[in-house]
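Bear in mind that the values in this text are calculations on the coordinates, not laboratory data. All of these numbers come straight from a predicted model, not from anything done at the bench. With ideal geometry, Cβ positions are generated from the backbone for all residues, glycine too; neighbour counts draw on all protein chains shown.
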Amino acid sequence: MRNPLRHLQDWLGMQGLAARDSAALVGQVLYALPVVVKWPVRRTLLKQLYFTGIQSVGPITVMGFLAGLIMVMQVSNLVGRNELLTLQVLIWTVVRELGPLLSAIVIVGRSSSAIATELASMRVNGEIKSLRRMGIPPVAYLVVPRMLAMTLTSSVLTFYFQVVALGTGMIVTAWHIDVSLSGELGHFFEMISNREIFAAVLKSLCFGMLMSVVSCYYGLTVKHAMTEIPVAASRAVMRSLMAVFVCDGLITVLLF
């Protein structure tokens, strides 16, 4: 029977190697960043922005609407017709946590698995090796546009989710408690702090960077068997979610 302590040690070692290689991948991307001015890379970037960003607007809209509606109804059941407390709880939950987290979960479900599967398929089919033979750096052509697209769309979708959720919540509050919507907007801008805005922006950027790095890393590290492609996609999704939640906890502890 294998020693559980040795098994834990091996697992931690593998995670450390993955973190080291992921950090090295980030360094390569930063070094190759100027290549984004070239049209082939820009075209790939635009395709990734469309896939990760525009095609995610529908799910984000539905989730934001439902999140705002559910939050207001639940809080109203607890605190009654207290407009200011309801709005404060809505700001805490949507701006600090739900906006970045739920947007990241949507992106992980749609894009992380797709990126890992695409890159893994290219590696198994020898397309990445062909790029190297033609003198095209795979990191510059494949990884840079995907990392940029996921990082940018994570920030934009987070902001859009928060606008939808907060807007829905304030409209429902105004209707349910019978208060002025314009007055509620004024209270909102008085209550929200720069720290909460900074936390939301920082989380969305960090989440986007982590999801893209993890997805590209697991897509590029498969061997040569077709059966490794779904394994890479599954690992990319699970590791991305784990990285997002760990990062969320660290930022929350540091800022609040």
Arg81-Ile54 FRET efficiency (beta carbon distance; Förster radius 45 Å; 0.05 resolution): 0.70
Among Gln162, Gln48, Gln74, which one shows the highest mean-square fluctuation when the chain is modelled as a Gaussian network with alpha-carbon springs under 10 Å? Gln74
Please work out how much length the chain gains when fully extended from Met134 to Arg110, using 0.36 nm per residue of separation minus the C-alpha to C-alpha distance, in nm with one decimal. 5.5 nm
Only Lys, Arg (+1) and Asp, Glu (-1) charged, at Cβ; the chain dipole about Cα centre in debye: 1300 debye
Added length on full extension, which subtracts the Cα-Cα distance from 0.36 nm per residue, Leu255 to Gln74: 62.5 nm
Once you have a ≥ b ≥ c as the square roots of the Cα gyration tensor eigenvalues for the stretch 188-248, tell me rounded if a/c is under 1.5, and otherwise prolate or oblate according to whether a/b is larger than b/c. prolate
Residues with beta-carbon under 15 Å from that of Val246, excluding Val246: net charge, scoring Lys, Arg +1 and Asp, Glu -1? 0
So, in the chain, how many Lys pairs have Cα atoms under 26 Å apart, if the pair is 8 or more places apart or on different chains? 5
Could you give the distance between the Cα centres of the stretch 206-238 and the stretch 102-166, to the whole Å? 10 Å
Taking the square root of 5λ for each eigenvalue of the C-alpha gyration tensor of the chain, the equivalent ellipsoid has semi-axes, largest first and in whole angstrom, of 39, 21, 15
Helices from the chain with mean Kyte-Doolittle at least 0.5 and a Cα length along the axis of 27 Å or more, per DSSP H: which? 57-79, 144-177, 194-220, 228-255
Taking the Cα centre of the chain as the origin and placing charges on Cβ (Lys, Arg +1; Asp, Glu -1), which of Gly183, Leu119, Asn82 is farthest toward the positive end of the dipole? Leu119
For labels at Thr227 and Met191 in the simple 7 Å Cα→Cβ model, what's the distance in nm? 5.5 nm
Output ordering of 179-189, 238-248, 100-110, 212-222 (per-residue mean of other Cβ within 10 Å, highest first) is 212-222, 100-110, 238-248, 179-189
Along the charge dipole of the chain, which of Ser215, Ala243, Thr151 sits closest to the positive end, that is, farthest toward it, with unit charges on the beta carbon of Lys, Arg, Asp and Glu (+1, +1, -1, -1)? Ser215
